[in-house]
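Dumping the structure here so I can ask a few things about it.
The values are calculated or read from the model by the stated rules, or taken from the named source; none is laboratory data. This one's a predicted model, so the numbers in the text were calculated from it and none came from an experiment. Note that each Cβ is placed from the backbone with ideal geometry, even for glycine, and that neighbours are counted across all protein chains shown. The accessibility values were calculated without ligands, DNA or RNA, using every heavy atom of the protein model including side chains. Shrake-Rupley method; radii C 1.70, N 1.55, O 1.52, S 1.80 Å.
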Amino acid sequence: MVTVIDTVGAVTARPRHPEKARLPDTPVLPKPPWIRVKAPGAHAFAATRQVLREHRLHTVCEEAACPNIGECWGKRHATVMIMGDTCTRACAFCNVITGKPGALDLDEPRRVGDAIAALALTHVVVTSVDRDDLADGGASHFAATIAAIRQAAPETSIEVLTPDFLRKEGAVEIVIAARPDVFNHNVETVPSLYRRIRPGADYRHSLTVLAEAKRLDPHLFTKSGIMVGLGETHDEVARVMDDLRGSDVDFLTIGQYLQPTRKHAAIDRFVTPEEFHSYRRIAGEKGFLLVAASPLTRSSYHAAEDFARLKAARHASLGA
């Protein structure tokens, strides 16, 4: 059994993040009273976990240490993470294992479809690790997974949260041709923090990915998100909003960064609920169809409800 670096920074003999083992410990700020998560409902949580285990699937809920796992799994919602549990990137904020991934599991798309059918989901989010080792960055595997879900659970709407497909020409086209309902790609933070927080990625390229997805399918809902509390300024966040609207992004999510371990980027500060309310108001004024901004907002949090709200917002805007 592989042991891990726990959430208060105790490093065991075989840490989850060996690439970060020599980094100095970062300070851990005490959580303010507004950072509170709901306890899981035992029966539904266990049932969701059992289905995922039976189908041998990874979830970003577990691998990225999402604070909302109890609430979401208690509602039988889970975000499936395809293409393994090992990422080729080493972002300073992320709890997913970094290393050399194994070969693609070609049966995984079928198992994802079967699991979604077993969970009877109305909406599913499918994400992945970065696979810079693959010629198309895993785009074909995304497409196969979308097709498998359509076959096993035809009434389920599908949201994909993709990597940036950096230097993978044609990858976005492959994913969009599979006809997801929502295309999500997170820019994660403001440009000035990329070198420290998201090394190996390119802010302008991420904007291009989002713009290309909408160009290929103008009826597709597009979505992106950022974390705050990493040292960004209010004005920088507002400029990211402008850039995302320039890429015709429909839905913006903003949530508080929570460091997974002492070896990850430190929290600069906890953004207050009042500031999140301000961000939500400003983003709405900039023309996003939908904005989710709160301390515990994550890309996949309340995704099913938000998809319904997205459709209603577009209908209302067309009517206007």
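Name the residue, out of Thr261, Thr189, Thr222, that is open to solvent by less than 10 Å² (accessible area, probe 1.4 Å) and modelled with pLDDT under 95.
Criteria check complete, one pass: Thr261.
Please determine whether any residue of the range 31-39 is modelled with pLDDT of 80 or more, open to solvent by 60 Å² or more (accessible area, probe 1.4 Å) and not in a loop (DSSP other than H, G, I, E, B).
Scanning the range 31-39, I find no residue that is modelled with pLDDT of 80 or more, open to solvent by 60 Å² or more (accessible area, probe 1.4 Å) and not in a loop (DSSP other than H, G, I, E, B), so the answer is no.
Could you tell me which numbered condition Ile97 fails, if it satisfies all but one of (1) touching a His at 6+ places or on another chain (Cβ under 9 Å); (2) modelled with pLDDT under 95; (3) under 23 Å from Ser247 (Cβ atoms)?
(3)
Follow-up question, since we're still on this one. Which ones in the range 118-160 are at pLDDT 95 or above, of a type outside the set (Val, Ile, Thr) and part of a helix (DSSP H, G or I)?
Ala139, Ser140, His141, Phe142, Ala143, Ala144, Ala147, Ala148, Arg150, Gln151, Ala152
Would you call Ser192 part of a helix (DSSP H, G or I), out of contact with any Pro (no Cβ under 9 Å at 6 or more places or on another chain), over 20 Å from His58 (Cβ atoms) and not acidic (Asp, Glu)? Let's see the steps before the verdict.
Working: part of a helix (DSSP H, G or I): yes; out of contact with any Pro (no Cβ under 9 Å at 6 or more places or on another chain): yes; over 20 Å from His58 (Cβ atoms): yes; not acidic (Asp, Glu): yes.
In short, yes.
Which of the residues spanning the range 250-273 are under 20 Å from the mean Cα position of the chain (by Cα) and of a type in the set (D, E, K, R)?
Correct list: Asp250 only.
Let me ask something additional. Limited to the range 264-304, what total is found for residues that are farther than 30 Å from Glu212 by Cβ, in a helix (DSSP H, G or I) and open to solvent by 40 Å² or more (accessible area, probe 1.4 Å)?
Start the filter on the range 264-304 by keeping residues that are farther than 30 Å from Glu212 by Cβ, which leaves 264, 266-275, 277-278, 295-296.
Pick out the ones that are also in a helix (DSSP H, G or I) and you get 273-275, 277-278.
From what is left, the residues that are open to solvent by 40 Å² or more (accessible area, probe 1.4 Å) are 273-275, 277.
Qualifying residue count for the region: 4.
Moving to a separate point now. All but one of (1) more than 18 Å from the chain's Cα centre (by Cα); (2) open to solvent by less than 10 Å² (accessible area, probe 1.4 Å) hold for Ile158; which doesn't?
(1)
In the range 161-186, which residue that is touching an Asp or Glu at 6+ places or on another chain (Cβ under 6 Å) and in a loop (DSSP other than H, G, I, E, B) is most open to solvent (accessible area, probe 1.4 Å)?
Out of the qualifying residues, it is Lys168.
Take the conditions modelled with pLDDT under 95, open to solvent by 40 Å² or more (accessible area, probe 1.4 Å) and not in a strand (DSSP E or B) and apply them to Lys311. Does it pass?
Numbers: modelled with pLDDT under 95: yes; open to solvent by 40 Å² or more (accessible area, probe 1.4 Å): yes; not in a strand (DSSP E or B): yes.
So Lys311 fits the description; yes.
Would you confirm whether or not the range 242-251 contains a residue that is among the hydroxyl-bearing types (Ser, Thr, Tyr), open to solvent by 20 Å² or more (accessible area, probe 1.4 Å) and in contact with a Ser or Thr (Cβ under 9 Å, 6 or more places away or on another chain)? Spell out how you get there, then give the answer.
Taking the range 242-251 and keeping what is among the hydroxyl-bearing types (Ser, Thr, Tyr), we get 247.
Adding the requirement that they be open to solvent by 20 Å² or more (accessible area, probe 1.4 Å) leaves none.
So far as the range 242-251 goes, no, none of its residues is among the hydroxyl-bearing types (Ser, Thr, Tyr), open to solvent by 20 Å² or more (accessible area, probe 1.4 Å) and in contact with a Ser or Thr (Cβ under 9 Å, 6 or more places away or on another chain).
Next question. Would you pick out the residues in the range 43-66 that are open to solvent by less than 80 Å² (accessible area, probe 1.4 Å), modelled with pLDDT under 75 and part of a helix (DSSP H, G or I)? Before the answer, list the steps.
Residues of the range 43-66 open to solvent by less than 80 Å² (accessible area, probe 1.4 Å): 44-48, 51-52, 55, 57-66.
Subset that is modelled with pLDDT under 75: 44-45, 60-66.
Once the filter is applied, which keeps residues that are open to solvent by less than 80 Å² (accessible area, probe 1.4 Å), modelled with pLDDT under 75 and part of a helix (DSSP H, G or I), the range 43-66 yields Ala44, Phe45, Val60, Cys61, Glu62, Glu63.
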